[in-house]
Amino acid sequence: MDLEFGRGMRSPQRDSWKTTLLLAYQSLGVVYGDLSISPLYVFKSTFAEDIQHSETNEEIFGVLSFVFWTLTLIPLIKYVSIVLRADDNGEGGTFALYSLICRHANVSLLPNRQIADEELSTYKLECLPERTDKSGNKVWLEKHKKLHTALLIMVLIGTCMVIGDGVLTPAISVFSAVSGLEFSLSKDHREYAVIPITCVILAFLFALQHYGTHRVGFLFAPIVLAWLICMSALGLYNIIHWNPHVYQALNPCYMFKFLKKTRKYGWMSLGGILLCMTGSEAMFADLGHFSYSAIQLAFTSLVYPALILAYMGQAAYLSKHHDFYSNSQVGFYIAVPDKVRWPVLVLAILASVVGSQAIISGTFSIINQSQSLSCFPRVKVVHTSDKIHGQIYIPEINWLLMILCIAVTVGFRDTKHMGNASGLAVITVMLVTTCLTSLVIMLCWHRPPVLALCFLLFFGSVEALYFSASLIKFLEGAWLPILLALFLMAVMLVWHYTTIKKYEFDLHNKVTLEWLLALGDKLGMVRVPGIGLVYTDLTSGIPANFSRFVTNLPAFHRVLVFVCVKSVPVPYVFPAERYLVGRVGPPGHRSYRCIVRYGYRDVHQDVDSFETELVESLATFIKLDASYRCSETSGDQQQQQLMPEEERGRLAVIGSSHANYDFQDSVQHSSASVEMTRRRSCGGIAADDDSPGAGAGGGSGVKQVRFFIDSHVASPEAADSKQVAEELEALAASRDAGTAFILGHSHVQCKPGSSLLKRLAVDVGYNFLRRNCRGPDVALRVPPASLLEVGMVYVL
């Protein structure tokens, strides 16, 4: 359940208290579904170990003390008080932290970065670049290229564990909720009822994903709210009725008594206790849909007290019912009175479905973000709502998750193994967040490194303790997330490595416009009606696949546009800043370059709207470019027209006329921003290059000129000029003639003499993924009738 697109890019003005209350209420169904259902399985997973219970209740009080202080330290202090402040333009999650770090230090491995990207409204830094450049830690981090790779691997590990959690959380949540039927069925019928019902609910849940959640999303918050109230009431009842002195367990001394008495088994039981903070990461990951104050208010005023009461109520009941330990029935439903067990069972199943839905949607989102980093094979992303931004559905991933969830349920058949697997995935993601947040504290917030180290050591040591307890259960279920992570890591690294090598191959083999013009005179190049959109990853030069095309077939369209669809390290790119348009050659050649920029949370446009906006952007650019040329001296004008694009370095940011959102003051609705970026070198003027080194901290020696031209007050000379009119008429006629999308159909192979590992990764791994995943035409939403593919062999 995502909210309006504009809410993710909310203005810096503070929300009113009514808006905050509404957002806090809505966050219950989106953010806290997973966290609120953890009492269903925490105690059962914890006491699955061989822990002997005594009459002094030190074991149950020790577990309750661990649960209380874990919920206090990690979700309340770490996330609510610190991590939520490390937002990226209001967005949270692993990629938000990585994006912040990449903007403040040149550590990104993304190709085709440009200095012009730093002018985006969402590309804001915490302080002036002059101050950040003096940081010795930043210089050290930028100097060692292996640290860049290590940082990306850390992010990918967190991503893989989030995907693994998307497999495990629905299984353990629904299974734990349905296991309440055990108290109403005989022992012989339990196995034949709980597992099949769980599988049916999971299959039904995944089958409904392609409809989106916007139709039933309004029910999520009431369900979770009712569940939290139900848990609180049951907790208060059990505390008052069974053991009012259970509050004594909040004393941290009981934790040390528990570990001292239970020793090895007590340490191993920490793998079950950590499940009490399952879903805490969602508070940060879903930050963009709400606000910091709304998530903070919902957790501190409702979710946190309800969870504490629920766990205290279970502990109070167990402290007076020792016989359940011998029967291995230490679960949530034993503390539920018989008269309300069925209503609680139904409500628990509904809450588990809501919590599972949240993690499934999060899995779709993080895979979509992985594609923006070129770290995941192309998959089809479907936008399930026209009104609500960010609601996406990925068919291939959905059915794979369903198969794996059902396989986990049927294979493990108990909460113990599912809890061990889920716990390792959860704590690994939290460790990654802790490490990345410590870098944000140092590089982005510019706090002393000692403060970042204290944050890392304090919270990292707590999470490392839980991580060790989970890892020791490798043979009892913890092997599953490790296996999934290794497989996903192999896929991501192979895809990312080969994609970067393909980009370097294109960069090395690109040709100049002069070569194309000279070739046209020799071959008798023919211009056919229509618009040709040549897709490439390059931001300058002519791609090798197009040069191969015109060499074998000397004809191309009258209007030629080299389109580069690229990702930038920001969550969103405003529609008014999405298109970066420039010329390729003189105006008479009718060739242009259009760089389309997306953030890691943006959803790509449909081809119809993209084609319309692209033509409108070209028309606007033609007028603005003519106005700019008229403002120059005649000598400079002649020199500029003779210069190729690579030397002129002129690109214009063209605003979309379809934008209807609230922007910051620097982005005007009625103006188009034209940005001239020139890099002076010994030989003259050069444009932004494609090299991976361009980016944060690389703006030395740059002269930038930005001005605004109102669309209604354009120069009369430019508007009435014959050249502009002819160019606009040619563009309109070409649009009426039709548009062709020219894409490269690549085959990749290793050079002779390459290592065995490289041949396995490229020749076997990448080519297998390329053949069995979606092609670039599907990812770019190109209509098959207008597609023209050019074969290209990459020898890496």
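Which distance in Å, rounded to a whole number, links the C-alpha centroids of the stretch 531-592 and the stretch 244-290?
Distance between centres, Cα-based: 55 Å.
Which entries in Lys502/Lys758; Lys416/Lys473; Lys145/Lys566; Lys502/Lys751; Lys264/Lys473 show an alpha-carbon gap greater than 18 Å?
Lys145/Lys566
If we count every other residue with Cβ under 11 angstrom of Pro587's Cβ, Lys/Arg +1 and Asp/Glu -1, where does the sum land?
Surrounding charge for Pro587 is 0.
Please list, ordered by chain and number, the residues whose modelled amide H lies under 5 Å from the amide H of Arg593; skip anything fewer than 5 residues away on the same chain.
Phe562, Gly582, Arg583, Val584
Under a Cβ-Cβ cut-off of 9 Å, what is the net charge of the residues other than His557 that fall near it, where Lys and Arg count +1 and Asp and Glu count -1?
Residues near His557 contribute +3 overall.
Ranked from the most accessible area to the least, with a 1.4 Å probe and all protein chains present, what is the order of Lys380, Lys138, Lys264?
Ranking Lys380, Lys138, Lys264 by accessible area, largest first, yields Lys264, Lys380, Lys138.
For the stretch 207-314, which semi-axes, largest first and in whole Å, follow from the square roots of 5 times the eigenvalues of its Cα gyration tensor?
Working through the eigenvalues yields semi-axes of 32, 19, 14 Å.
Which one, Tyr598, Ala518, Val581, is farthest towards the positive end of the dipole of the stretch 499-623 when Lys and Arg carry +1 and Asp and Glu -1 on their Cβ?
Looking along the dipole axis, the top candidate is Ala518.
What percent of all Cα-Cα pairs in the stretch 402-531 falls in each 5 Å bin, counting up from 0?
For the stretch 402-531, the binned pair fractions read 2, 8, 10, 11, 10, 10, 10, 8, 6, 5, 5, 6, 5, 4, 1 percent.
May I ask for the net charge around Cys276, where only other residues with Cβ less than 13 Å from the Cβ of Cys276 are counted and Lys, Arg are +1 while Asp, Glu are -1?
Its environment carries a net charge of 0.
With θ set to phi - 60° and the Karplus curve 6.51 cos²θ - 1.76 cosθ + 1.60, what are the ³J(HN,Hα) couplings of the stretch 28-33 in order, to the nearest whole Hz, using x for Gly and Pro?
With coefficients 6.51, -1.76 and 1.60, one gets 4, x, 9, 8, 9, x Hz.
Please state the charge dipole magnitude for the stretch 344-476, taken about the Cα centre, from unit charges on C-beta atoms (+1 on K and R, -1 on D and E), reported in debye and rounded to the nearest 20.
Computed charge dipole of the stretch 344-476: roughly 100 debye.
Please turn the phi angles of the stretch 448-460 into ³J(HN,Hα) values with the Karplus equation 6.51 cos²θ - 1.76 cosθ + 1.60 (θ = phi - 60°), one per residue in order, whole Hz, x for glycine and proline.
These are the phi-based 3J(HN,Hα) values: x, x, 4, 5, 5, 5, 5, 4, 5, 5, 5, 6, x Hz.
So what J values fall out for the stretch 303-320 if you push phi through Karplus, 6.51 cos²θ - 1.76 cosθ + 1.60 with θ = phi - 60°, rounded to Hz, Gly and Pro as x?
5, 4, x, 5, 5, 4, 5, 5, 5, 5, x, 5, 5, 4, 5, 5, 5, 10
Sort the stretch 329-426 into rounded, prolate or oblate with this rule: let a ≥ b ≥ c be the square roots of the eigenvalues of the Cα gyration tensor; rounded if a/c is under 1.5, and if a/c is not under 1.5, prolate when a/b is larger than b/c, oblate otherwise.
prolate
Leaving ligands, DNA and RNA out of it, rank Ser293, Ser45 by accessible area with a 1.4 Å probe, largest first.
Ser293, Ser45
Gap in Å between the Cα centre of the stretch 759-796 and the Cα centre of the stretch 441-485?
37
Pull up all non-local amide H partners of Val748: gap of 5 or more, or a different chain, and H-to-H distance under 5 Å with H placed in the peptide plane.
Tyr794
The values are calculated or read from the model by the stated rules, or taken from the named source; none is laboratory data. These numbers were taken from a predicted model, which means no experiment stands behind them. Neighbour counts run over all protein chains shown; Cβ positions are idealised from the backbone, glycine included. We work out accessible area using only protein heavy atoms, side chains counted, and drop any ligands, DNA or RNA first. Shrake-Rupley method; radii C 1.70, N 1.55, O 1.52, S 1.80 Å.
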